[in-house]
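To keep things clear, I will list the structure first and then write my remarks on it.
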Amino acid sequence: MSHMLHLAGIESVVLERAGREHVRTRLRAGVLEQGVVEMLRELGLGERLDQLALKQSALDFRFDGASRRIDFEAEIGRNVWVYPQHEVVTDLMNARQKAGAAIFYEAPVQRIDGLEGERPVLHFEHQGESCRLECDYVAGCDGFRGVSRSAIPADKLKVFDRIYPFGWLGILAEAPAATNEIVWGCHDGGFAMQSIRSPSVTRLYLQCAPDENPDHWSDDRIWSELHKRLDVEGMPPVNEGRVTQKGVTAMRSFLAEPMQWGRLFLAGDAAHIVPPTGAKGLNSALADIKVLARALVAHYREGADAHLARYSDTCLRRMWLVQRFSAGLCTMTHQFPGQNPFVQRLQRTDLDYMTGTRAGRLQFSENFTGLPVEA
Ligand code: DHB
């Protein structure tokens, strides 16, 4: 956000609760939509991306003992790229630092005042002192637990929420992926995934209980479950390697409406959470930012406020489509405790339809590689 404003000659200040190293190294998502890759290149952030990102042109679904690939490049000529989120963050931090940006780390915001007036005020702490920052607009990019969303009066905010009765145990393994494709295992024993972080590092996930203790998962147990859920005849088995990280993620769908209040604009996790199936978290945050940056540029350059006024509607329309895709995939691919066998058969049939018909493959391909972002 601040990089895009800077390129348009608009000044901004970034207030970040965490420290610089935490921000730079925190392990998160890994898949970028084509439009996001194009946007990062346009913003002058494509250099390391073009060296390190791994293009993915297909996704390999495994169910009923067989591999059923959706080749989105063949279907619609679009792709996704594996490029870890912390690399995107590193590129952004480097670009901002080079431009002499005003970024305050370890600067938690306590309160935001005056959002309905002309000059909102952010109250924050920095190096033991209480500080205040007056501004024109606030971009609330402070995540699900940030203060921005709570600055909107509760009676003006409508919240939509679904919590899933499972989580993902995620590991990083020092091993090249068995195949150079993201693989989804939709198994009666639970969902599993092989993704990629680099030519020598695999990212793997296993459906587990939402409150699972990762210490209860020995490396042997992890590999045995991954083989059970992902291996099929005719394809190389999951490639084992030293496990270097292990953690559990809870799964949730969440959306707050509207995404704007007075001079505050929510973006990314501050407004919405998706379950990780479909890899839409980071991509959706960047879609919001693209809409918001353009709207602010139109305001400062042309005095045109129509885009700002439409910000919430523009983002919500796309975000509901993304919620539909992420929740739909999550529901189609995971085992729900105590699930009715009829529903289980429908899940298989949905997978069969999605991978086995042109309409199904097209729908997946369009959504996975990224829906258009409106100006
Ligand atoms: C990742 C990849 C996916 O395709 C997905 O749906 C979720 C996460 C990943 O690489 O982390």
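The values are calculated or read from the model by the stated rules, or taken from the named source; none is laboratory data. Nothing here was measured: the structure is a model prediction, and the numbers come from that model. Note that each Cβ is placed from the backbone with ideal geometry, even for glycine, and that neighbours are counted across all protein chains shown.
Observations on the model:
- Residues (part of a strand (DSSP E or B) and among the hydrophobic types (A, V, I, L, M, F, W, C)) located in region 162-183: 163, 166, 168, 169, 171, 172, 173, 182, 183
- Some residue of region 305-313 being assigned to a loop (DSSP other than H, G, I, E, B) and crowded, with 16+ Cβ neighbours inside 10 Å: no
- Among the residues of region 236-261, those that are surrounded by fewer than 16 Cβ atoms within 10 Å (Cβ to Cβ) and more than 16 Å from the ligand (Cβ to nearest atom) comprise 236, 237, 242.
- Residue within region 188-207 that is modelled with pLDDT of 95 or more, within 16 Å of the ligand (Cβ to nearest atom) and at positive phi present: yes
- Qualifying positions in region 208-234 - surrounded by fewer than 16 Cβ atoms within 10 Å (Cβ to Cβ) and either over 18 Å from residue 250 (Cα atoms) or within 16 Å of the ligand (Cβ to nearest atom) (or both): 218, 219, 220, 221, 224, 227, 233, 234
- Boolean, residue 372 is at negative phi, free of Cβ contacts under 8 Å to residues at least 12 places away in the same chain and surrounded by fewer than 14 Cβ atoms within 10 Å (Cβ to Cβ): no
- Test set (1) in a strand (DSSP E or B); (2) in contact with a helix residue (DSSP H, G or I) (Cβ under 8 Å, 6 or more places away or on another chain) - residue 159 fails condition number: (2)
- Count of residues meeting criterion [small (Gly, Ala, Ser), farther than 24 Å from residue 352 by Cα and without any contact (Cβ under 8 Å) to a residue 60 or more places away in the chain] in region 185-205: 1
- Whichever residue in region 33-55 is among the small types (Gly, Ala, Ser) and assigned to a loop (DSSP other than H, G, I, E, B) and, among such residues, is surrounded by the most Cβ atoms within 10 Å (Cβ to Cβ): 53
- Residues (outside any helix (DSSP H, G or I) and β-branched (Val, Ile, Thr)) located in region 263-304: 273, 274, 277
- You will find that of 321, 351, the residue that is under 22 Å from residue 67 (Cβ atoms) and either within 16 Å of the ligand (Cβ to nearest atom) or part of a helix (DSSP H, G or I) (or both) is 351 and no other.
- Within region 354-368, restricting attention to residues that are part of a helix (DSSP H, G or I) and hydroxyl-bearing (Ser, Thr, Tyr), the residue that is farthest from the ligand (Cβ to nearest atom) is 355.
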